[in-house]
Amino acid sequence: MSVETHAHHEHPDVVGSRNRLGVILLLVADIAFALSMVFVYFYLRGQNVNNMWLPAATEEHAVVTPLSASPGWTVTAIVTFGLLAHFYGLKGARSKNQTQLKLGSLVAFVASVVAIVYQFNTIATAPFTFSDGAYVSCFYMFAILNFVHLALTVFISLGNWNRARLGIYVSDHWHVDIVRVWWVWMVVSSLLGAFALSNP
Amino acid sequence: MTTVMSKPVSAPGKSIIEKLNFFTALALGAISAIVVWRLALQFLPEDTEVRLFTREDKITLLSMTAWLVGFMTGIGALVGPFRWLMGKDLSHEENMFLAGKDMGIKRYFRYTTDHKVIGIQYLVIIMVIFGIGGILAMLIRTNLGSSEGGWIHPQAYNSIVGTHGIIMIVGTIIMVTGPFGNFIMPIMIGARDMAFPRLNALSFWLIVAAAVPLLWGQFLGGISTGWTAYNPLASQAPLGMDGYIMFICIFAISTMVAGANITTTVVRMRAKGMTWNRTPIFVYGVVASVALGLPAFPVFFLSQIMSAMDRALDTSFYNTAGGGSGWLYENLFWIMGHPEVYVILIPAIAALMEMAPVFTRRPLFSFNVAVMGIAGISGLSVLVWAHHMYLSGWAPLLNTPFMLTTELISIPTGMLFLVLVGTLWRGRLWMTMPTMSIFALLWNFMIGGITGIYLSDVPADAFLHGSMYVTAHFHYTLIGAGLTGALAALVYWFPAMTGRMFDKKLSWVAFWIVQIGFNIAFIGMFTVGLAGQPRRVEAYASTFNTGNMITTGGAYLIMSGMLVLLYGVISSWKSGVKAPKNPWQAKTLEWTVGYPVPLENFEVLPTVTSDPYGYGKAQS
C-alpha cells in the first residue's frame, strides 16, 4: 500500500495539499539547518577568538581579507531569476498554456545550472585555504551548502522541465506548485548566505 | 519527492525494483566504499607539515559516504526520484510490489513501503540496538565491579562508554515512534498508510546504513570522547570519530524525513470525524516527539558537518588557535541534546496515557491537560539547553534564566503525572504488565525528575556536575520512564502486531526483574555520585566500592530481565496464544482491523463519531 495506490481514488488537490505540507515540513528542517549556520557565523565573528576571525599577516601567509560580497549576491540574483522563470511557467500551467510552462521550466533549469557553475567557480577560485581562520571556515560552509542546495535545484528543475515537456502536467500541476516552494526557499537561503558574508 | 502517476508506465521484463534488496545493498555499499577508498588512497595528496592527519580523515569520510550512496542505491531508494526525473512514474503494479504484496518474509529485506512492515523492521532493529548497547553496558559495569578496573584497556573502555551512549540514545529515540508510530499510529488515525510511504522506507533504511560507519569506527580507534563528542577533543580523536560523525549525519537525515512524514500523516490523513479532541493521546505524543526532532536534529547535523570539516579540511570552527570555539560546539550539541530527551520521553509517556484508560476502564483524566502538558514540555524543552553548560564558563549571566526555564519544565511534566494519577485514581484496575508499568513510571520518573531539579540548580550543579549522580539521573528518566513505557507498549500492542498474546507470566517476570534491578543499579549509582565519584572513569577510589558493587549487581539483574523479555518476545511470537480481535477491549481504531491487518488497513475508511476514551459513559 502506498500513496500512489489510493491516489487513484483521491482528488489531486488532496494529494497535492498533503505533498505540499510534507515539503514545507522538510524545509522546516532545512531552515533550522541554515539558521544554525547564520548563528555560527555571527557567533564566531562576535567572539573573534584569538583575533583569528580575519588573521593578520604573518611570516607564513599574507593577511586574510574578506571576499567581495558580490559573488553571494550574484548567485542570489541568478536563483531569483530562476524563481521568476518558474513562476512564469507555473502561471502557464494554471492557464493551461503548456508552451509557457515548458519555456518557464526550461529557463528555470538553465538558471539553476548557471548558478551552480558560478557557485563552483566561486569556491574553486577563492583566494584562501581552509585553514585561514574562522571567517574563511564560514565562507566555505555557506558556499558548500549553497552548492548542495543548487545541486538539488538542478535535479528538481530538470525533472520539472522534463515532465512539463512530456505533457505530464496537462491534467494537474500540483508538482509545479511544490517545486515553486523549493525555489522560494532556494532564494531565501542564498539571501541568508549573501547577507551573512556581506558583513565580515 | 513522492509522486502521483499521471501516465502509468510499466517497465518491460523484470523491473529493477524487483532485483534490489538488502543483499544487493550490502554488496553495492561495500564495493562503493572499497573503490572510493582505493581511489582516494591513490589520488589524494599527502598531508603537508601544516596540515597533518587530515588525509586519513578525508579517505575515511569519503569511503563512508560512498558506502551510504552505494547502500541506498542498492536497496532501491533512488529508483523513485530518478523515475520522477525521467517522467516515468511507478506503475500501480510496481507500487504494489513495493508495498510487499504477497511477498512473505522477503518483504522485510526490501525497500518495502507498507507501514506495518516498516514497524516490524523497526522493532527488530531496536532489539538489536538494545542488545548491542546492553552488552556494552555490561562490559562497563563488569569493569567497574572492582575499584581497580583494568581488565579493559582504558582507551577501549572510553570507546565502549561512548558507543554505549550514542547507540542507546539512538535506540531510545526510535523505540516508540519507530515500531508503534509506524505500525499502530496510521491505523489508529484511520489511514491506509503513511503520507509518504517511500520516505518512510527511506527513514528506516538510512538507520541501517548508519550502523555500518559506527561499527567501522570501532576498528579505527573507536569513539573515545563519550557520546557528546565535545570539540576540540573530538577533532583530536582517532579516525573512529569519523564513524560517529557519519552515523549522526545519516541518523539526522532519517529523523528529519520521519518527522515530516509522520506530522503530515497525522495532520492530513486522520479519519473523517477524528477531530483534534478525538485524536488519541498517543498520536499527540508521537507528533510532539517528531515535531521536536524536526528543528533540533539539523542543528546536531550541522555540528557534525563542522566537526568533519575541522578534521578533514583543517577549518577552524572549534579550534581556538584558528578562531573557533569549543563553546560553539557545546551550544549546537545541547540545542539538540535537551529537546532530544523529550523526543524520547514524550511518546513513551503518551503510550502509557493511552493504556491507562483501557486498564482502568475510565476516560483519560483531563485530556486537555494532557495535551497542554505535552505542548508545554515541547515548547520549554528548546529553551533549557545551557543548563548542561553552567560550569563551562559560557555566558554566566545566562545561568539564572536557564535555571528558571529548566525548573519551569516541571510544571507541564507534573501535568502528565496528574493525568496518569487522575486516571488511576479509584479505578478498578485490570492488573497487567502495562498497568504496573504506569506505576513504575510514576515512581521512576518521580526520582528522575526530582534529582533533575538539583541539577538544574546552579549551586547544586556545581557540586554534582560530572559525577555519577548525573549518570544515574538521566538513566532514571530514559530507562525508568522511557524504556518502561516502551516495554509496556510492546506488551500492549503485541497482539495487534503479531496476532498473538505476549506470554503473561514472562511479561510479569521480566517486568519485576528489570524494575528491581534498575532501582538497585541506579540508586547505588546515586549514592556513589553523591559521595563524589566522577563519571566516565575506568577505575575509582576504593571508598566507592560498595556502591559500585551494588550497581553492577543491579545491572546484571536488568540484563537477566531483558533476556527473559527477549525470550518472551520470541516464544510468544512463535507459539503464543492466538489473540482475539480486541483482547483489551479498547476503543481505538487499531483494534478494529483484526490480524493479519489487510494491506490497505481498512476496506472502507472509518468515520469516527466519539472520543477514544468513552469508558463508563452512556453510549460508549
Within region B:274-288, can you find the residues that are more than 12 Å from chain A (Cβ to nearest Cβ) and part of a helix (DSSP H, G or I)?
B:276, B:277, B:278, B:281, B:282, B:283, B:284, B:285, B:286, B:288
Of the residues B:118, B:75, B:140, which is assigned by TED's automatic domain parsing to the domain that holds residue B:539 and touching a residue at least 40 places away in the same chain (Cβ under 8 Å)?
B:118
Would you check if there is a residue in region B:311-322 being small (Gly, Ala, Ser), open to solvent by 40 Å² or more (accessible area, probe 1.4 Å) and in the same structural domain as residue B:236 (by TED's automatic domain parsing)?
yes
Does region A:86-96 include one or more residues that are touching a Pro at 6+ places or on another chain (Cβ under 9 Å), open to solvent by 70 Å² or more (accessible area, probe 1.4 Å) and of a type in the set (Ser, Thr, Tyr)?
no
All but one of (1) within 14 Å of chain A (Cβ to nearest Cβ); (2) at pLDDT 95 or above hold for residue B:235; state the number of the condition that does not hold.
(2)
Has region B:209-219 got any residue that is among the β-branched types (Val, Ile, Thr) and either open to solvent by less than 10 Å² (accessible area, probe 1.4 Å) or free of Cβ contacts under 8 Å to residues at least 60 places away in the same chain (or both)?
no
Pull out all pairs, ordered by first then second residue, where Cβ-Cβ is under 8 Å, the residues are six or more apart or on different chains, the first lies in region B:345-365 and is among the hydroxyl-bearing types (Ser, Thr, Tyr), and the second is crowded, with 23+ Cβ neighbours inside 10 Å.
B:360/B:423
Scan region B:84-99 and tell me whether some residue there is open to solvent by 30 Å² or more (accessible area, probe 1.4 Å), in contact with a Gly (Cβ under 9 Å, 6 or more places away or on another chain) and either more than 30 Å from residue B:241 (Cβ to Cβ) or in the same structural domain as residue B:171 (by TED's automatic domain parsing) (or both).
yes
Going through region B:531-561 in order, the residues found to be basic (Lys, Arg) and open to solvent by less than 70 Å² (accessible area, probe 1.4 Å) are B:535
Limited to region B:377-396, what total is found for residues that are part of a helix (DSSP H, G or I) and aliphatic (A, V, I, L, M)?
5
In this structure, does residue B:80 turn out to be open to solvent by less than 20 Å² (accessible area, probe 1.4 Å) and more than 9 Å from chain A (Cβ to nearest Cβ)?
yes
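Residue by residue, here is whether (1) small (Gly, Ala, Ser); (2) modelled with pLDDT of 95 or more; (3) assigned to a helix (DSSP H, G or I) holds:
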position: A:155; (1), (2), (3): no, yes, yes
position: A:158; (1), (2), (3): no, yes, yes
position: A:162; (1), (2), (3): no, yes, yes
position: A:167; (1), (2), (3): yes, no, no
position: A:170; (1), (2), (3): no, no, no
position: A:175; (1), (2), (3): no, no, yes
position: A:195; (1), (2), (3): no, no, yes
Any residue at all in region B:289-304 that is over 29 Å from residue B:420 (Cα atoms), of a type in the set (Gly, Ala, Ser) and part of a helix (DSSP H, G or I)?
yes
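Any residue at all in region B:159-169 that is more than 30 Å from residue B:553 (Cα to Cα), assigned to a helix (DSSP H, G or I) and away from chain A (no Cβ under 14 Å)?
No, region B:159-169 contains no residue that is more than 30 Å from residue B:553 (Cα to Cα), assigned to a helix (DSSP H, G or I) and away from chain A (no Cβ under 14 Å).
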Given the structure, is residue B:520 of a type in the set (Val, Ile, Thr), crowded, with 16+ Cβ neighbours inside 10 Å and in the same structural domain as residue B:570 (by TED's automatic domain parsing)?
yes
Could you identify the single residue in B:564, B:569 that is of a type in the set (A, V, I, L, M, F, W, C) and either part of a loop (DSSP other than H, G, I, E, B) or open to solvent by less than 30 Å² (accessible area, probe 1.4 Å) (or both)?
B:569
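Does residue B:178 satisfy the condition of being surrounded by fewer than 24 Cβ atoms within 10 Å (Cβ to Cβ) and either under 28 Å from residue A:15 (Cα atoms) or modelled with pLDDT of 95 or more (or both)?
Judged against the criteria, residue B:178 is not a match.
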Number of the condition not met by residue B:381 [criteria: (1) under 23 Å from the mean Cα position of the chain (by Cα); (2) closer than 30 Å to residue B:505 by Cβ]
(2)
Hits in region B:572-620 (condition: among the small types (Gly, Ala, Ser), assigned to a loop (DSSP other than H, G, I, E, B) and crowded, with 16+ Cβ neighbours inside 10 Å):
B:576, B:579, B:586
Scan region B:323-348 residue by residue and report those that are of a type in the set (A, V, I, L, M), farther than 30 Å from residue A:131 by Cα and open to solvent by less than 10 Å² (accessible area, probe 1.4 Å).
B:343, B:344, B:345, B:346, B:348
Considering each of A:199, A:97, A:146, A:160 in turn, give the residue that is without any contact (Cβ under 8 Å) to a residue 40 or more places away in the chain and of a type in the set (S, T, N, Q).
A:97
Any residue at all in region A:50-64 that is open to solvent by less than 60 Å² (accessible area, probe 1.4 Å) and more than 9 Å from chain B (Cβ to nearest Cβ)?
yes
Taking residue A:122 as meeting all but one of (1) within 12 Å of chain B (Cβ to nearest Cβ); (2) in contact with a helix residue (DSSP H, G or I) (Cβ under 8 Å, 6 or more places away or on another chain), write down the number of the exception.
(1)
Restricting attention to region B:42-49, does a residue exist that is open to solvent by 70 Å² or more (accessible area, probe 1.4 Å) and either in contact with a Phe, Trp or Tyr (Cβ under 8 Å, 6 or more places away or on another chain) or at pLDDT 90 or above (or both)?
yes
For region A:155-164, indicate whether the set of residues that are open to solvent by 70 Å² or more (accessible area, probe 1.4 Å) and within 13 Å of another protein chain (Cβ to nearest Cβ) is non-empty.
no
Taking the condition within 14 Å of chain A (Cβ to nearest Cβ), of a type in the set (Phe, Trp, Tyr) and either open to solvent by 40 Å² or more (accessible area, probe 1.4 Å) or within 30 Å of residue B:432 (Cα to Cα) (or both), does residue B:385 pass?
yes
Taking residue B:298 and the conditions (1) within 11 Å of chain A (Cβ to nearest Cβ); (2) open to solvent by 10 Å² or more (accessible area, probe 1.4 Å); (3) without any contact (Cβ under 8 Å) to a residue 60 or more places away in the chain, which numbered condition does it fall short on, given that it satisfies the others?
(2)
Selection from region A:108-133 of residues buried (at least 19 other Cβ atoms within 10 Å of the Cβ) and modelled with pLDDT of 95 or more yields A:108, A:109, A:111, A:112, A:115, A:116
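The values are calculated or read from the model by the stated rules, or taken from the named source; none is laboratory data. All values derive from a computational prediction rather than experimental measurement. For neighbour counting, all protein chains shown are included, and Cβ atoms are generated from backbone atoms with ideal geometry for every residue, glycine included. Heavy atoms of the whole protein, side chains included, go into the accessibility calculation; ligands, DNA and RNA do not. Shrake-Rupley method; radii C 1.70, N 1.55, O 1.52, S 1.80 Å.
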